[in-house]
Amino acid sequence: METCTGFWPGMHLALGVWLVIAAHSFQNSQAEISCACCRFPVQLHGGQTRAKPAPTDEVSAIKKIQVEFRELGISRQNAGKDNEQEDAPHLKKGSPGSTAESHRGGKLDLGDGAALPRAKRNIPEFAELSQSGPTGQDDRNSGSSVERGSSLDGLWSSGLSRSEIRKNRDDGRGSKQQDEPKITSSTFALTGDSAHNHAVVYWSGQNSSVILILTKLYDFHIGSVTESTLWRSSDSGSTYEKMNDKIGSKTVLTYLYVCPTNKRKIMVLTDPEFESSVLISSDEGASYQKYRLTFYILSLLFHPSEEDWALAYSHDQKLYSSLDFGRKWQLVHEHVTPTRFYWSVSGLDKESDLVHMEAHTHDGSVQYITCRVQMCTEANRNYPFPGSIDISSLVVQDDYIFIQVPTSGRATYYVSYKRDLFIQIKLPKYSLPKDLHIVSTDEKQVFAAVQEWNQNDTYNLYLSDTRGIYFTLSMENVKTTKGIGGNQMLDLYEVSGIRGMLIANKRQENQVKTFISYNKGRDWRLLQAPTTDLDGNEIHCILPFCSLHLQLQTSENPYLSGAISTKNSAPGIILATGNIGAELSYNNVAMYISSDAGNNWRQIFEEEHNVWFLDKEGALVAVKQPSVPTRHLWVSFDEGRQWTQHSFSSVPLFVDGVLVEAAADNQIMTFFGHFSHRSEWQLIKIDYKSIFSKKCTEEDYQTWHLHNQGEPCVMGQKQIYMKRRPGNYCMLDKDYSRILSAESCICRAHDFECDYGYERSGNGNCRPSFWFNPSSTTKSCSLGQNYFNSTGYRKVVLNNCTKGVKEMYTAQKQQCPKKPPKGLLLTTKDGKLAANLGTNVTFLVHLDEGDSIRTNIQLDFGDGIALSYSNLSWAEEGIKHVYKSAGIFCVTALAENSLGYDTTTLYLHVTCPVEHVQLLSPFVVIRNKEVNISAVVLPSHPRTVTYFWWLGNTTEPTVTLDGSISYTFPSEGMYSLTVQVAAANIIFQDSKTIAVREFFKSLLLSFSPNLDEFNPDLSEWRQDLGRVIKKAVLQVAKFPEEQLLVAVFPGVPTAAELFLLPHKNQSHDKKKSEEELEQVSNIIVSALNQNLVEFELKPGVRVIVYNTQLTLAPLVDSNPRHRSSAMLMLLSVVFLGLAVFLIYKFKRKIPWISIYAEVNQEKEQEMISSVGQGDNTTKITLNEFSSSKELMEKELDARVKRGVANAHESTREIPNCTSV
């Protein structure tokens, strides 16, 4: 969304205003916000289209010329975005009555996407006439200029025959009359710039005689400017001076900015590929001072009132500020979203140096931030909207601030009116917008275009109340048109000069028709077609089967008039291209005009022309389309009824644009273009003052009454305007007033529109929508107070009617009824049902009906903490709570008063990010035997983790909330097991491979204790160790490698299990296979008992492998010098065995032994055990152990049991989840 160009004194140039919006892709279904001021059409989405290099073919070698003209100093509230930033949506203002600001410095950037290429010529070139006169000096620092006068070529009107009119237009000749006035013109060629393909023209206006022209050679292959020339004229365009020597002959200029509050101050940027600097002038470009920059400026935004204040946006998304017109810059903020920064609005923001911006935070979210430009430290920043917002959604415009919040489902929009708290925008309940654009905010309400869930190429129009909260439908299915750059243009136009007047193209039953409204979209009707054509032939066109249809696109080139044109200073005059028939067509079009605000229409040309307003909008000037060269222009003083033809050039000119200052006193306009594609840029200054016979007096004016098909009350007023009598060649006075009188009307039904929640029925009355309950009162309504009960209608904003039905349709003041609570709603502020552990969760309580002041609110957070409020007002800004443990909590709200109560429940998931997951499963299992598979999650928090299991080589997962699952493998083979754990937007995965056989043989292995010193307890280490053990075993026993598996258990002391698998083709002969496995097993056991299986872990560290089942592994190192210790250990084992026998014999006399046996019996029943912080284990105190020998027995027994049960327990400490 963007702020829009306002209307400042001195804006007298007939230029289209384009406003740039940063946004989301048109195809994306996620809703987005963008906006601009009217006038329309509205450009909803924008891309960029770079002009292609000129073809080499001689016939088609037409240079892609891009031209920009600007009035000096026109400002807008955001500088837009740079050419390098693509896919940003645009809105553009279609009024030629105001000028445009560029993406860079007060100019409309036509370089990409909005370029004005020199039109493709469809007739032979005039190469031999490329110069209008002498070419001037050989010195390239000067151009050529020739002065001449052009006589009036003829006078023609709609009364002439079509053939005569066509002949006069095509030949440029008419019946010359010696007494007709002449216009004078002079041509200046920008000598030496014929290779430049981009020109930018700046005229300060306000009767200034200074014109600046920046021509550039843009290389499309490298994407930058390689040459530039700056020209300056101080005599309104008669002559130009080349300024390169004053700024540096090798300096390459890219963009020019003009201060909107002091148009003598100019800022010019250099190309950063050569140098990054800024040139500053304080004398309208006569002299410059250069200042180096440490960053590359993409766009500038001047302060609306302080002439030396400016914001600069850099290529690395940093925002800088300057308080001395660019001489020094200070960093304001980093990671700012392009085009989403705004100066303060006078009368609304307390500090004039306040800046509104949208910026990214360190965690990747986007926030709305305000601060003072020179004090924007973290401590001085404010966050008007708590929480994150969607990227490129911030718009600060007039009285309103708009944002969009990120949601997973339906798009949610918020508005702040006059810097008040943000309130959610209320569209009709089931509008479900895919896309939303703020069209205008300049008349104390918001006009929005919404593409709803069931629309593809159309939009619905909505109007809000004054606060911008409640929206009602104005028109459905407004057509969109694809522009040159692929931009979607909304076919909606707001007529300048007549408040509340709109024109729109609506798709209706597979046809597109043009409708007009005189009361801001409350009522719409078709346009009545003209009664006759140019030849005076009668046109038979009967409503509603036939009507006039208009093209509502403004020109991609703001220096051509476009398909439709109106001016604030010429109320009631509408110029447009269109057709007559059953629907809108782009074939067989003509030019039409209305002099009475769209009630009656006349045809003025058979083909398209560009038409501008002259003489304070009292006269019209027309020129052919730029694809056809011409040397004539036509002027009309009677609203297009008659046209006088004038010659402005002796050589036909391809007109690339016209610069008109209609409000100036000097009556000068400038044509610019080319005689041929090889010629220099031609600037033709035309002085049309001589065509006026005198200054207008009172007798030269007449009045006209604004009406709507005879109805004199428009927007609640009877308005009378004054205009020049048709045919008078007098010059309008400077203090010419166009509105003569305005009288309020008596209010009638058409002055009121349907209120929020109501729809217009077939009989014209407003009825409640099926989803709306009109009896519901607001939550602020309390017994003893009053509220305004809607009648289903609301007055059209800015409608000035009085009395009449006003009281009947206006909301009625009533006393709040006494009601029990009803419609209690509990939500979180961000709309999510999940929160991270340790973060603030804000709950919102909403009550549809009931006495909010006398209703008690109780909120139970579900974790043992509850709060109570005496009334709902205490909880309006939300109730915050921090959960200190993870889980799913049932949050309950209770609203209660003396008449009853209402409750509601919300289930909140408080999660902690998972740090580790380990899949626990046997390595080999028996076919058709159920096996238990578990996943250990660290840290462990029950009911907050979702498990996804892929078992038995399946592609579809099994989803559980428990960390274990049972499964039976129906056939032999190797199977992959995978588990994924999802919690708090984080997913972890672990996988294992399991072998399934009819039978197998296994041995438990232990190792010499020195191995534990090098055990990091990592899965990768265990896999590597298993391969080493397998290799060592195969050295003592001949056995197929693929039938031998070694699994190393987690934790210390280190243990492993050796699996001997039968050959898959021998499983049917089970007895024979068992005998083979038994033989191999005996060989391996024998080798293990003789300490023949060993491996070298690292140089000097040898590890011996033992068979745990038959021989207890020694607890000391196995080096030869420790053989005696090993013998002592064996003797100890013998005594240990004897002690075990005696204990078993008399165990009933020893109480703690029975407890120990019980615990171990329980463990033996488990195939796999899960490890977690919440596991409950039997605790045994230290004094219950009577001897170290018993402790030894328990340790050895635990090692054996762990191996048999395949318990993958780790001795590592389980990390705790920390608060965020």
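Here, each number is a calculation from the coordinates, and none is a lab measurement. Model, not experiment: these values are computed from the prediction. Please note: Cβ atoms are built from the backbone with ideal geometry, for glycine as well, and neighbour counts cover all protein chains shown.
For the pair LEU1092 and CYS890, a Förster radius of 56 Å applied to the C-beta separation gives a FRET efficiency near 0.30, rounded to the nearest 0.05. Over the C-alpha atoms of the stretch 368-418, the Rg to Rh ratio, Rh being the Kirkwood estimate, stands at 1.02.
One decimal place: the segment HIS707-TYR383 gains 111.8 nm when fully extended, by the rule 0.36 nm per residue minus the C-alpha distance. Two numbers describe the Cα atoms of the stretch 695-774: Rg and Dmax, which are 20.5, 63 Å. Remark: spin-label model distance VAL959-LYS803 equals 6.8 nm, labels positioned 7 Å along the Cα→Cβ axis. With distances taken between every two different alpha-carbon atoms, the stretch 863-1002 has a Kirkwood hydrodynamic radius of 18.5 Å. The 3J(HN,Hα) values that the Karplus relation (6.51, -1.76, 1.60; θ = phi - 60°) gives for the stretch 1096-1104 are, in residue order, 9, 6, 7, x, x, 10, 10, 10, 9 Hz. Gly and Pro appear as x.
Residues of the stretch 240-260 falling in the label zone of ASP283, defined by backbone nitrogen less than 14 Å from a point 7 Å along Cα to beta-carbon, are 246-247. Taken along the Cα-to-beta-carbon direction at a fixed 7 Å, the label points for GLU743 and LYS813 span 3.2 nm. When the Kirkwood radius is taken over all Cα pairs of the stretch 672-806, what Stokes-Einstein diffusion coefficient follows at 4 °C and 1.567 mPa s, in µm²/s? Translational diffusion coefficient: 62 µm²/s.
Shape of the stretch 337-409 from its Cα gyration tensor (a ≥ b ≥ c, root eigenvalues): rounded if a/c is under 1.5, otherwise prolate when a/b > b/c, or oblate? In terms of gyration-tensor shape, oblate.
State whether the stretch 981-1027 is rounded, prolate or oblate according to the following rule on the C-alpha gyration tensor (a ≥ b ≥ c being the square roots of its eigenvalues): a/c under 1.5 gives rounded; otherwise a/b larger than b/c gives prolate, and the remaining case gives oblate. In terms of gyration-tensor shape, oblate. Given R0 = 51 Å, the distance between the Cβ atoms of ASP457 and ARG678 translates into a calculated FRET efficiency of 0.75.
Remark: C-alpha extents of the stretch 781-861 on the principal axes read 61, 31, 15 Å, sorted largest to smallest. Sparsely packed loop sites in the stretch 297-354 (the GluC sites (Glu not before Pro) outside DSSP H, G, I, E and B with at most 12 other Cβ atoms within 10 Å) comprise GLU334, GLU351. What pairs in LYS832/LYS880; LYS1001/LYS1030; LYS418/LYS822 have C-alpha atoms more than 21 Å from each other? In this structure, LYS418/LYS822 lie more than 21 Å apart at Cα. Each label was represented as a point 7 Å from its Cα along the Cα-to-Cβ direction; for ASN773 and SER627 these points are 6.1 nm apart. With an a/c value of 1.5 or above and a/b not larger than b/c for the gyration tensor axes a ≥ b ≥ c computed over the alpha-carbon atoms, the stretch 211-295 is described as oblate. In the structure displayed, which of LYS265/LYS567; LYS429/LYS884; LYS567/LYS695 lie more than 26 Å apart, Cα to Cα? Pairs exceeding the cut-off: LYS265/LYS567; LYS429/LYS884. The calculated FRET efficiency for the pair GLN317 and GLU1013, based on their C-beta separation and a Förster distance of 60 Å, comes to about 0.70. Size descriptor for the stretch 528-660, Kirkwood hydrodynamic radius: 15.4 Å (Cα pairs only, one decimal).
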